[in-house]
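Before any comments, here is the structure.
Just so it is clear, none of the values below were taken in a lab; they were calculated from the coordinates. Keep in mind the model is a prediction, meaning the values are calculated, not measured. Positions of Cβ are backbone-derived with ideal geometry, glycine not excepted, and every protein chain shown enters the neighbour counts.
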Amino acid sequence: MTGFISKLENAARWLPAGMSSEERSLVHKLDLLILPYACLSFFVKYLDISALTNAYVSGMKEDLDLYGNRLNYINAAYEVGYVIFQIPSNLVLIKYPAQYYLPAAEIFWGMFTLGTGFVKNYEQLVVMRFFVGLSATSCYVGLVHVVNSWYKKRELGRRNALFWIANPLGQMVAGYLQAAAYTNLNNHRGLQGWRWLFIICTVITIPVAILGFFIFPDMPDRTKSRYLSEEEKALARKRLVDEGFKPSTGLKKDLFKRVLVSWRFYAFVLTLVIFCQMTYAEATPFILWLDSQPEKYPIALVNNLSTMTNGAAAAGALIMSFYSDIRGSRLEPIILSGVLCIFANLVLSIWNIPDGLKFFAFISVGWSYGTIPVLITWTAEGLANDLELRAVSFATYNTVAEICGLVIPLVAWPVSKAPKFRGGFIWATCISFLYLFTVSLTIFKLRRSRKNKASTELQNGIDSGEVDSEVGTSTIGVETTVATTKDANA
């Protein structure tokens, strides 16, 4: 069995070549301690969140009188709860143990998800979704910060992809669960099928939170994990220092100033926020288009077909992240996502096209959405010298993206304009062009920063043995020399 796993690992290139047996053993342990909880936690978060949209098209709309733009306002309540604690949440993680804070928050959002299944009217639903958002604040930004704090650059892309695909998988499973609940549990014990979906989600969520209390290792600089020896903890910290990741310095008074004066903070945050806007069509617009044709797509089929974009996103995340790790460059997937979104959103803005082309366009946006792990890895590498700045950057990006997700759909994607959303698709097309511009500008700035650093070190007679992130991972030894020479001639 061990031999089979080893062969599978080598075939998938899960670990970079040339690692010592001690380092391989450590990374295997880290994978087992970090990824199961991170992936499951992120999975159940999106399972719980996506349940609302699936419930909406499975009887909730009629039962609670959710007509007009009420779905927009319900989502807005969730977003308000979600955004107000984003940055404070990651600052809490800098100071307090993640293995207690993150699972505790998960238990709270699980209980509010359960409450959603028993609401009696629109007003109660708005309140429940607000508290689901508030308690789920820590999940994504907190887990992203922790996952990106343990691994070397050549290991990050794959781990970020495996972690992130829990998002579309959660949305896919929500669709399948709702289809099953609607078919098999509707009116069972006097509860509609959509109410059973929220009960099932809660039953899945709570055990995952309990798992986190027992296995999650916290941050490298302060971990007290019983599953890691002192030698392994020291090796974990040394790996990161050798790779150019500076250890955490804790909360200091100058953090706010470091954020304000850092061009990288603005560049990476803006790029990630724009990315979220250009891929908006992969979710709600797609499912509302399917729901608008009941003669073609009955409710159970809508719930199943709506998972197509999620599947494309998961496949795209894995393929592009593995490729970028092995290739040693983040550039190709990042650019490709922008090009695909320009094509897809432009085609959908025309609208009067065959259904087959619409499916292809929506799936193309879904595939592009799968680029987010590559962008997260690129950001983590670009901010490797300041973990506190990176924590604030991830939280800020998610906060701004959620605010945009709260405000912009009310204008560009109002449910009353479904399924055509002409204004929304035109907006997404324009923002896709802006995305490619911000990516190009960031690449230019990173290359210039890299050259300036190399020039300074050459003048001072310093050879650091590592290279700042450009659009890919840094390498050492011979590959560093090749990369430096290539960039110097770029």
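Which value, in debye to the nearest 20, gives the size of the charge dipole of the stretch 350-425 about its Cα centre, when Lys and Arg are +1 and Asp and Glu are -1 at the Cβ?
On the way: 5 positive and 5 negative charges, 104 e Å.
Dipole of the stretch 350-425, to the nearest 20 debye: 500 debye.
DSSP loop (so not H, G, I, E, B), at most 13 other Cβ within 10 Å: list which trypsin sites (Lys or Arg not before Pro) in the stretch 120-217 pass both filters. Each step should come with its number before you reach the end.
Working: sites: 120, 129, 152, 153, 154, 158, 159, 189, 195; in loops: 120, 152, 189.
Filter output for the stretch 120-217: 120, 189.
Assuming a ≥ b ≥ c are the square roots of the Cα gyration tensor eigenvalues, decide whether the stretch 118-200 counts as rounded (a/c under 1.5), prolate (otherwise, with a/b larger than b/c) or oblate.
The shape class here is oblate.
For the chain, give the magnitude of the charge dipole about the Cα centre (Cβ charges: +1 Lys/Arg, -1 Asp/Glu; no others), in debye to the nearest 20. Spell out each step's value before the answer.
On the way: 45 positive and 37 negative charges, 98 e Å.
Dipole size: approximately 460 debye.
Give me 386, 63, 48 ranked fewest to most by other Cβ atoms within 10 Å of their Cβ, as a rough exposure proxy. Write out the running numbers ahead of the final one.
Values: 386 20, 63 15, 48 27.
In order of increasing Cβ crowding within 10 Å: 63, 386, 48.
Return the FRET efficiency for the residue pair residue 238, residue 258: r is the Cβ-Cβ distance, R0 is 25 Å, and the value is rounded to the nearest 0.05. Intermediate results must be reported in sequence, preceding the final value.
Values: r = 25 Å, r/R0 = 1.00.
That pair, residue 238 with residue 258, gives E of 0.50.
If you take the beta carbon distance between residue 295 and residue 346 as r and set R0 to 30 Å, what does 1/(1 + (r/R0)^6) give as a FRET efficiency, to the nearest 0.05? Please report the intermediate quantities before stating the final value.
Working: r = 28 Å, r/R0 = 0.94.
Efficiency, from the Cβ-Cβ distance: 0.60.
Pop the C-beta distance of residue 326 and residue 455 into the FRET formula with R0 = 30 Å and round what comes out to the nearest 0.05.
Values: r = 30 Å, r/R0 = 1.01.
Approximately 0.50, to the nearest 0.05.
Pick out, from 429, 405, 418, the residue whose Cα sits farthest towards the positive end of the charge dipole of the stretch 316-444, with +1 on the Cβ of Lys and Arg and -1 on the Cβ of Asp and Glu.
After comparing all options, I get 418.
Write out the chymotrypsin sites (Phe, Trp or Tyr not before Pro) in the stretch 314-353 meeting two conditions: DSSP loop, and at most 16 other Cβ atoms within 10 Å of their Cβ.
Those that pass, being in a loop and sparsely packed, are 351.
Please give, to one decimal in nm, the separation of the simple spin-label points placed at residue 67 and residue 448, each 7 Å out from Cα toward the Cβ.
5.7
What shape does the stretch 347-445 take by its C-alpha gyration tensor, where a ≥ b ≥ c are the square roots of the eigenvalues and a/c under 1.5 counts as rounded, a/b above b/c as prolate, and the rest as oblate? Write out the running numbers ahead of the final one.
Working: a/c = 2.55, a/b = 1.85, b/c = 1.38.
It is prolate, given that a/c is not under 1.5 and a/b is the larger ratio.
What angle do you read, to the nearest 10 degrees and between 0 and 90, between the alpha-carbon axis of helix 387-412 and the longest principal axis of the chain?
Here the helix axis deviates by roughly 30 degrees.
Magnitude of the Cβ-charge dipole of the stretch 113-213, K/R +1 and D/E -1, about the Cα centre, nearest 20 debye? Display every interim value, and only then the final one.
Working: 9 positive and 2 negative charges, 63 e Å.
Using Cβ point charges on Lys, Arg, Asp and Glu, the stretch 113-213 gives about 300 debye.
Need one word for the stretch 215-343: rounded, prolate or oblate. Basis is the Cα gyration tensor (sqrt eigenvalues a ≥ b ≥ c); a/c below 1.5 gives rounded, then a/b vs b/c decides.
Values: a/c = 2.33, a/b = 1.84, b/c = 1.27.
Note, shape of the stretch 215-343 comes out prolate.
Report the label-to-label distance for residue 215 and residue 385 in nanometres (one decimal), using points 7 Å from each Cα along the Cα→Cβ vector.
Roughly 3.7 nm, to one decimal.
With point charges of +1 on the Cβ of Lys and Arg and -1 on the Cβ of Asp and Glu, referenced to the Cα centre of the chain, which listed residue (87, 312, 266) lies farthest in the positive direction of the dipole?
With unit charges placed on the Cβ atoms, the residue in question is 266.
Along the charge dipole of the stretch 72-194, Cβ charges K/R +1 and D/E -1, which of 183, 101, 157 sits furthest on the positive end?
157
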